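The values are calculated or read from the model by the stated rules, or taken from the named source; none is laboratory data. From a predicted model like this one, the values you see are computed outputs, not experimental measurements. Ideal geometry is used to build each Cβ from the backbone, glycine not excepted, and the neighbour counts take in all protein chains shown. Calculation scope for accessible area: heavy atoms of the full protein, side chains included, ligands and nucleic acids excluded. Shrake-Rupley method; radii C 1.70, N 1.55, O 1.52, S 1.80 Å.
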Amino acid sequence: MSIVTYNNRSIANISAIPGAATALTHIKTLTASSSSTLSFVDGSDDVTLDSTFPIYLFKIINMHPSANANFRFQASTDGGSSYSTTTTSSIFRALVDESGNNSGLAYDGGQAQGTSVQEIINAAVGTDNDQTGVCELKLFNPSSTTFVKHYMAVSNGCQSNDYAINSFTGGYFNTTSAINAIQFSPSSGNIDSCTIKLYGIKDS
């Protein structure tokens with residue numbers, strides 16, 4: 001194992017450390033409060049969603065709906081004027097109830113999509129104060145004008161009937177146009193509270 005030494009002797013004066021984790025760049029944080037949607041539009045309100053990064057990561061933290069709801073996202077190719085880009089996806093999920101007596105693991109054909117709306121927290125998250133959902137969503141090469149736009153999501157939600165549902169979603173937006181806006185919304189009601197953080201992931 002090699003030892004790295006620094007000529008200027010002081011950590012305070014070092015501008016970059018070889019091998020440091022610099023791949024993740026925070027771009028924008030949006031916070032909901034009785035909001036119907038949360039939207040990230042390239043070039044608007046300090047949002048970058050273009051060829052700057054090959055991968056974009058959305059972290060959805062403590063999504064709490066005003067009504068029992070799944071959480072979903074849609075993509076736009078016209079700067080958010082419309083969110084109608086068709087997606088194709090598959091989902092499988094694991095679940096267990098609060099007592100630990102009922103559990104399962106299965107492909108969820110009912111949530112697989114062939115429309116423009118993709119469920120990513122598909123637990124029908126409840127409205128109790130102790131019920132929320134979380135998710136990490138990766139979007140790959142959204143600015144490509146050659147290929148479709150793939151995405152993968154992993155989520156966990158506390159369902160209204162007190163099941164923990166861990167979902168794995170994968171799919172693609174079936175377009176060769178650049179995607180330049182992403183919108184999030186609940187399947188019913190409003191987003192009572194939620195924080196969504198957008199990051200860019202650099203090439204390794």
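Among the residues of the stretch 55-65, is any in contact (Cβ under 8 Å) with a residue 40 or more places away in the chain and over 17 Å from the mean Cα position of the chain (by Cα)?
no
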Residues satisfying the stated conditions in the stretch 1-45, i.e. of a type outside the set (S, T, Y), within 17 Å of the chain's Cα centre (by Cα) and either at pLDDT below 50 or open to solvent by less than 80 Å² (accessible area, probe 1.4 Å) (or both) = I27, K28, L30, A32, L38, F40, V41, D42
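Could you check the stretch 112-127 and list, in sequence order, the residues that are closer than 17 Å to C158 by Cβ and free of Cβ contacts under 8 Å to residues at least 40 places away in the same chain? Spell out the reasoning first.
Initial filter on the stretch 112-127 (closer than 17 Å to C158 by Cβ): 119-127.
Of everything in the stretch 112-127, nothing turns out to be closer than 17 Å to C158 by Cβ and free of Cβ contacts under 8 Å to residues at least 40 places away in the same chain.
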Please work out if A124 is within 29 Å of Y172 (Cα to Cα), open to solvent by 20 Å² or more (accessible area, probe 1.4 Å) and modelled with pLDDT of 95 or more.
-> no
The stretch 46-76, residues that are closer than 13 Å to I196 by Cβ and surrounded by fewer than 17 Cβ atoms within 10 Å (Cβ to Cβ) = K59, I61, N62
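Considering only the stretch 85-95, I want to know if a residue exists there that is part of a loop (DSSP other than H, G, I, E, B) and open to solvent by 30 Å² or more (accessible area, probe 1.4 Å). If you could, list the steps in order and put the result at the bottom.
So in the stretch 85-95, the residues part of a loop (DSSP other than H, G, I, E, B) come out as 85-86.
Those left that are additionally open to solvent by 30 Å² or more (accessible area, probe 1.4 Å): 86.
Yes, that holds for at least one residue.
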Any hit, the stretch 159-178, residues being more than 21 Å from T87 (Cα to Cα), among the aliphatic types (A, V, I, L, M) and in contact (Cβ under 8 Å) with a residue 60 or more places away in the chain = yes
